[in-house]
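K.L.:
Encoded as structure tokens, here's the structure I'll be asking about.
The values are calculated or read from the model by the stated rules, or taken from the named source; none is laboratory data. Small disclaimer: the values here were computed from a predicted structure and weren't measured. So basically every Cβ, Gly included, is an ideal-geometry build from the backbone, and we count neighbours across all protein chains shown. Surface areas here come from the heavy atoms of the whole protein model, side chains and all, with no ligands, DNA or RNA. Shrake-Rupley method; radii C 1.70, N 1.55, O 1.52, S 1.80 Å.
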Amino acid sequence: MIQEEQNASLLYFCCNGCQRVYHLLKDEGLDGFYEKSNNIALAPPIENYDDSSKFDTLSFYDKFVKVNSDGFYEVSLIIEGIHCSACVWLNEKALHKMDGVVEANINFTNNKAHIVWADNIVKLSKIIDMIRSIGYNAFAYDAMAQEAYVNKERKAYYLKMAVAIFASMNIMWIAVAQYAGYFSGITQDVKTILNVAEGILATPVLFYSGLVFFRGAYFGLKSKTVNMDLLVAIGAFLTYIYSIYVTVAQSGEAYFDSVSMIITFILIGKFLEVLSKKNAADTLDMLTKNIPTEIKVIRDKNSIICKLDEVEVGDVVVLSSGEKVLLDGEIIAGEGSFDESSLTGESNPIYKNIGDGLISGTVSIDADVHYRALRDFKHSTLSSIVTLLESAMKKKPKIEQIANNLSEYFSSIILLLAFLTFFVWWMRENSFESSFMVAVSVIIIACPCALALATPVATLVGLGISASRGILFKEAAFLETMAKADTLVLDKTGTITEGKPEVVKETLFIEFDKNLLYSLVSASNHPIAKGVAKYLKEQNFALQEILLDEYKQLSAKGIKAKYAGIELFGGNELLLKEFGIMPSIVSKESVFYFVLENKVVAFYELRDRIKDDIKELVESMKENNIEVVLLSGDHKAVTQRVANEVGIEKYFYEKTPQDKAEYIDALHAQDKKVVMVGDGVNDILALASADIAIAMGNGSDIAVEVGDVVLLRDSLKSLNYAFKISRTTLNLIKQNLFISLVYNAITIPIAMLGYVIPLFAAISMSLSSLLVVGNSMRIRYKWMRR
């Protein structure tokens, strides 16, 4: 026992850990947990947990902790013991109160917490101590370990349910005898014996199978939180105490059968809920759970097995048929077909040969190849995708925040309604028994869990569906934002078109050294310049690049440079006008002028193939009242032709990156919700201004970095799916909230009127949560069959 004097009074602590937690809570303004009036004081963890100092070890940090761009530390934890939204609220509140904790978000569907903290202010072990001090436990999230934990939790539920079901079935047999006695006659002695038998059977159901509810209620009371567990515990326990009184007094009716059935049905409902939530998360866990920890590489001409994290850039990896590609790389030996469906949604096998790139996360169908690693695992496509999926649930949609705020006060309101119901019925009937049972029914039938589950389960389903189609939302909140969008702004080159324009006509006005033109366009990444460079090389393989001076890219106009004092530039009409040259040629294609010493010496017309599925996308947007706008840096004739061909009525041409960003800002001034789709390079300003930014590019680095939504498959069909999935998810959230609110709005008044007994209240409560989860899974299975 440790003794400490404070403010002329003595404080006693059972251990050093308890003393440290007390001062930690007091310093963070959470000493209200220790008030003795209406709350039970904090105590050391009931279970003997491992020493929390292991969370501060270097090995733990290397494996589970990341440092973000702001210099803060991040970790994903599984919080053990969460049963309802109030548990989530309590943990988040306690963690946010800690000095040094920047962010703490907990996903109710899988109990996964994302915590960001300043390591120089608070250590991770202190964060773990805080979680344990309020009645929960935490351990690092690991897909394989999580699977083992879920199996352990499932077995514990099996045992609790087995006890509850066995006892409840036997209680119902005894109840049959009692009910029969009402009609044929039964003495009080026999009735008492039957009540005692029921009480004996109901006791383990309440205090063993129902222990989880008492535990949750206990820690809720300690933190001044009224949660669902408290409602169940109060309803069942008061009914149990009243039934004991009736049995001892040998007067009135005992309700041990209701006690047993309340716990049994709610426990079964919670178990099915856990299974359903796990099923909803399977798509997101699939990638992480199936990643091997070892890989075969060739070093010193020998094939060896090493840890995945130890493979370096340049190592040669051995890949056999049926194995997953774990690192991005390039094939140096062998050939075969690869399955990329898990990333891009492309169902057809992709044939690859020497020199072709491999994307981590894809699977070799029949290929036995050697490939050179171009990235280590930490920076691979697969690792990036896993990181995106893990972080997608960190930012909760606004609609979920509203639902959580509502459910926070729900349980308190129900207890107040139950008290008022008891008072009114007692005044009316002058019967304690009937008033008591009606009040218990009100407590039991109310279901805050259905309200709390409405949004996170639907969001998880939406993220899982999108991930299965190669669409990654960086935040769950982007699902809601995209669903509410009313304007889609598209760039032309690389978005509506393939981004690989080809020269269809060359016009030469004066003979010149084509090495100069080739050198000018080869150094540019613009699709038009690349198209001209490709054409020139195909016409003359002997062309060589010459070192140019004062090379400069002119945004949305072209390129200029100098060679031996001669000024040369190439680009569109805007560039010509800037240098005082009036274009004399009118074309409906994309154009490129080459100018030497202020004279146009060559003119090229290029055409870019329009992507498949663009017309379907435009039609789908129109059907959903989403305005489609084309913003292009190309000249009027080309922009107009493309817009007319794909069915876009509103288009703007000759727009610079700044012009595009200003147009997005103008839409925001009109209260428009804007989704901008571009190539991620030239449109970076406009993408940054939009509500939702999407960069096309097959999951390339720039697309992942810039986009709020990442399309692993560079297809407009994926873009259309992203809109459909976001709308489906938002509609699903609204459906679930409607189900929850209507359920409570109907059942609570019915219970208050005395038309529902506690047994049916328990069944109804469990079914409401299952209905919300089931509705979400219905949408999931519907999409998975597409």
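K.L.:
For residue 155, list the aspartates and glutamates whose Cα falls under 14 Å from its own Cα; do not include residues on the same chain fewer than 8 positions away.
P.N.:
Reachable aspartates and glutamates: 147.
K.L.:
Can you spot the lysines whose alpha carbon is less than 16 Å from residue 782's alpha carbon? Ignore those fewer than 8 places along the same chain.
P.N.:
724
K.L.:
Moving to a separate point now. Can you pull the one-decimal nm distance between simple spin-label points at residue 80 and residue 500, each 7 Å off the Cα toward Cβ?
P.N.:
Taking the simple label geometry, residue 80 and residue 500 are separated by 5.4 nm.
K.L.:
Computed over the Cα atoms of the range 435-587, what is the ratio Rg over Rh, Rh following Kirkwood?
P.N.:
With Rg and the Kirkwood Rh in hand, the quotient comes to 1.38.
K.L.:
Which length gain, in nm to one decimal place, applies between residue 320 and residue 419 when the Cα-Cα distance is subtracted from 0.36 nm times their residue separation?
P.N.:
28.8 nm
K.L.:
Which lysines, on any chain, are close to residue 123 with Cα under 19 Å apart, when same-chain ones fewer than 8 places away are left out?
P.N.:
Straight-line reach from residue 123, under 19 Å: 26, 54, 63, 66, 93, 97.
K.L.:
Okay, moving on. Which percent of the accessible heavy-atom area of the range 169-224 goes to carbon and sulfur, probe 1.4 angstrom?
P.N.:
77 percent
K.L.:
Determine the gain in length on full extension of the stretch residue 374-residue 180; use 0.36 nm per residue of separation and subtract their C-alpha separation, reporting nm with one decimal.
P.N.:
62.0 nm
K.L.:
Sort 668-676, 234-242, 546-554 by packing, meaning the average of other beta carbons within 10 Å per residue, with the highest value first.
P.N.:
The peptides rank, most packed first, as 234-242, 668-676, 546-554.
K.L.:
Given H placed on each backbone N at 1.01 Å, which residues far from residue 351 in sequence or on other chains put an amide H within less than 5 Å of it?
P.N.:
The list, which skips near neighbours in sequence, is 338.
K.L.:
Let me ask something additional. Which number gives the lysine pairs in the range 567-627 that have C-alpha atoms under 29 Å apart and are eight or more places apart or on different chains?
P.N.:
Taking the range 567-627 as the scope, the lysine pair count is 7.
K.L.:
Something else about it: Using modelled amide H (1.01 Å from N, peptide plane; none on Pro or chain starts), what sits under 5 Å from the amide H of residue 367, excluding residues fewer than 5 places away?
P.N.:
For residue 367, the qualifying residues are 322, 337.
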